[in-house]
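Presented below is the structure to which this report refers.
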Amino acid sequence: MRRFLLAMIATLALAGAASALEPGEMLKDPALEARARALTKTLRCMVCQNESIDDSNAPLARDLRVLVRERVAAGDSDDEVREFLVARYGEFILLEPRFSVRTWLLWGAPLLVIVLGGLGVAFALHGKRTAPAPLSDEEQRRLDAILNENNKL
Amino acid sequence: MIAELSHYALVLALALALMQTVLPLWGAAKNDATLMGVAEPVAIVNLAFVALAFAGLMTLYVGSDFSVLNVFENSHSAKPLIYKITGVWGNHEGSMLLWVLVLALFSAFVAAFGGNLPTRLRANVLGVQGLIAVAFLLFVLTTSNPFLRLTPAPAEGRDLNPILQDFGLAVHPPLLYLGYVGFSVSFSFAVAALLEGKIDAAWARWVRPWTLAAWVFLTLGIAMGSYWAYYELGWGGFWFWDPVENASILPWLAGTALLHSALVVEKRDALKIWTVLLAILAFSMSLLGTFLVRSGVLTSVHAFATDPTRGVFILAILAFFIGGSLALFAWRAPELKPGGIFAPISREGALVLNNLLLTAAAATVLTGTLYPLALEAITGEKISVGAPFFNRTVGPLMLLLLVLMPAGPLLAWKRGDALGAAQRLVFAGGIALAAVLLLYLTAGGSMIAAIGLFVAVFAIVGAITEFAERVLLFRVSAGESFARAIGLPRAAYGSIFAHAGIGLALLGVVAESNWSSERIVALEPGEQVSIGSFDLRYTGISRREGPNWIDAVGRFEVRRGGVTVAVSEPAKRVYLARGMPTTEASIHTFGLGQLYVTINDPVPESGRVSARIYWKPLVLLIWLGPVLMAIGGVLSLSDRRLRIGAPRRAGRVAIAPAE
């Protein structure tokens, strides 16, 4: 019975999900493995919810991990591997979009905000310093009242 | 019966919310004290009715009443009591009801503790709060009613998503919502100020505690969510730049900026227009987050349900409040008088820079989250914007913010002394450099690690420097320093704690991403594996039964220097109702580091498993940092000047000598 239940857990576990990166998938050469690992962390598991293929336990992610390692072992550079995958699956697979006509606004957003914001601040500060707000009538009256009070003392 | 009564209570709450909106706003416009006075009692009664509905849903869950559709879909009779209770908000309908409850809670708090607010301001604030409540109550009642019946009633429920059957669900959503919805009060204050066309230091002093409270909750909520993901999802990551996480970090960034800019309004009567805009933006980000999560526009672990009518409804709410408030802003903001002037190098200047960097970070996260949606809608092209993008863009902005942070509190208001501040930070810089040399040279790491480590240590020691400066440490006698430390306002301690906290969090992040070790190995019983200074011996798997799950538990004896220091028991768990497997990590804490073990693919016959073992030094700092920040927030909240409230107008007071 105990055996059976454990087997059931194992089957259920396997059926629902394999798991993220498995020992058997890893490359023997530590340098190559490290490169492949870093690469897979930047590739999207396309059937998952915002997971990289390194994190994901979907069967597709596993296939892609194996594929990336094959390419790396075959001597492809990182860019070649990415190129290969993009040709097959589209830009969607890259978690870090490449700079292009389509994405310059995305990559430029932080700089744009800093520059525009900085200009806005400089403009506001400058304007403020050249033209301090004049006192309103009420403020002028209160100032006069205070000054008069002081004069009486 | 309970379901129908609760439903009815919710309908009554909607009627009350309508009253809370129309009468006080009208009264404020007509300057009618009676109409304005309606706001407080109605807000409190409104809370009572929403609470009644919420308690009703909870009762249905605890009693496993599967004739209610929502309970049937998300509960199970064998589920432990705590998850029956927390399961109330572990689904779309229930979580929206929690949203409304928290909103009613904040309105009632403003009503109960807003006694020192000017009558018109209070009426306007509560009126706007009421309007938000109307929108969300309508949303719940028309598209997300948790009290729908199901006939015939099934005998058993479908159970709660196993990932949510965790203590994290008890704390994370309520904290997050207290933060999200807390910003509604800042928003209402901003809209009220625009309606009245008046903002002054007193206004900022009223807004700040609410913003601060919301910020404390949001900080804790985000940190809690991060820790939950870390131990539950089973691969040891703590932040994934998931769109839903982004949705929570957006109001946090805007809220943090708001906290700092409200300080300038309060102390120096400057930056008023910007602060009002930030208050609007912070809550807009909360609404946007709610929209992104609840509409199903984004696929994510948090999206319980995807129903287009809901998405359209929330989008309408979003457009109404964001568009309406921004239109009001454009119309009324020019009437707000700009306040005090200051030199670029000053405390105000530093806070402006803080706002600029935080806003840029928020804009980047926002762009990154929405860009793929927009691009696909416009061109049909699909791209992904994931963690590597955000690390590369938001990372540098935050590092810049943190490296400049220690200088801010050392600059004087109006006109600061940059050279003086720099000189006072030489010590902090020296310590940071020494830390880099020491740790970086011994433990190694990338250039980015060195920069991150420097910034983290500089921020922490910088915060301590602020304390030392304030108590004149080593410059006066120890006794006098001590007396000064006691006399220091709590708000000063608040800023010191919060600034040190974010430095600590960064230190944790740097350590986690650079000095963690990881082993992914296949193990047979009896085999041994080493990581860090630990040796783990795998002894085999066994079976363990829970109320609604079965575990395959692996057992590892953990030795350090030949002595057994722990027994690690990670498991692969299967929830019977849904047949869904989860990974139960085993985590042991040593100092500030953690040993994190998970197993996969257990083979019962041979006992073979594949194990992932991590040693993460200093990892706890990632969450202790935010806790320290929250403590800072609470300290600041308890500061005398906020407790007592705003001072009376200085008209009657005798003239004080110039400082």
- Item | Averaged over A:109-121, number of beta-carbon atoms from partner chains that fall within 10 Å | 6
- Could you put A:Thr42, B:Thr465 in order, starting from the residue whose Cβ has the fewest other Cβ atoms within 10 Å? A:Thr42, B:Thr465
- Distance between Cα centroids, the range B:536-598 to the range B:335-382: provide it in whole Å. 44 Å
- Mean residue ellipticity at 222 nm from the helices of the protein assembly as shown, using -39,500 (n - 2.57) per DSSP H segment of n ≥ 4 over the full residue count, to the nearest 500 deg cm²/dmol? -20500 deg cm²/dmol
- Note on the structure: Listing B:Lys616, A:Lys28, B:Lys267 by rising number of other beta-carbon atoms within 10 angstrom, fewest first, gives A:Lys28, B:Lys267, B:Lys616
- Nonlocal amide H pairs with B:Ala412, under 5 Å, H built at 1.01 Å: B:Arg347, B:Asp417
- Taking every alpha carbon pair in the protein assembly as shown and sorting the distances into 20 angstrom bins from 0 up to the bin holding the longest one, the percent per bin comes out as 14, 44, 34, 7, 1, 0
- In this model, which of B:Lys337/B:Lys414; A:Lys28/B:Lys382; A:Lys28/B:Lys572; A:Lys41/B:Lys616; B:Lys382/B:Lys572; B:Lys30/B:Lys267 are farther than 24 Å apart at the alpha-carbon? A:Lys28/B:Lys382; A:Lys28/B:Lys572; B:Lys382/B:Lys572; B:Lys30/B:Lys267
- Relative contact order (percent, whole number), the range B:419-486, Cα cutoff 8 Å, 6+ residue spacing: 33 percent
- Note on the structure: Taking a ≥ b ≥ c as the square roots of the eigenvalues of the Cα gyration tensor, with a/c under 1.5 meaning rounded and otherwise prolate when a/b exceeds b/c and oblate if not, the range B:2-396 is oblate
- By the gyration tensor of its Cα atoms, with a ≥ b ≥ c the square roots of the eigenvalues, what is the shape of chain B: rounded for a/c under 1.5, prolate for a/b over b/c, or oblate? oblate
- Note on the structure: Rounded to the nearest Å, the spacing of the alpha-carbon centers of the range B:456-535 and the range B:115-194 is 36 Å
- Task: Pull up all non-local amide H partners of B:Ile531: gap of 5 or more, or a different chain, and H-to-H distance under 5 Å with H placed in the peptide plane.
- Result: B:Leu536
- Can you give me the Cα centroid spacing of the range B:213-237 and the range B:407-432 in angstrom? 33 Å
- Message: Once the cut-off is 18 Å, how many percent of the Cα-Cα pairs in the range B:517-616 end up in the long-distance tail?
- Response: 43 percent
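No lab work stands behind these numbers, since they all come straight from the coordinates. Quick caveat, the model's predicted, so the values are computed rather than measured. Virtual Cβ from ideal backbone geometry, glycine too; neighbours counted across all protein chains shown.
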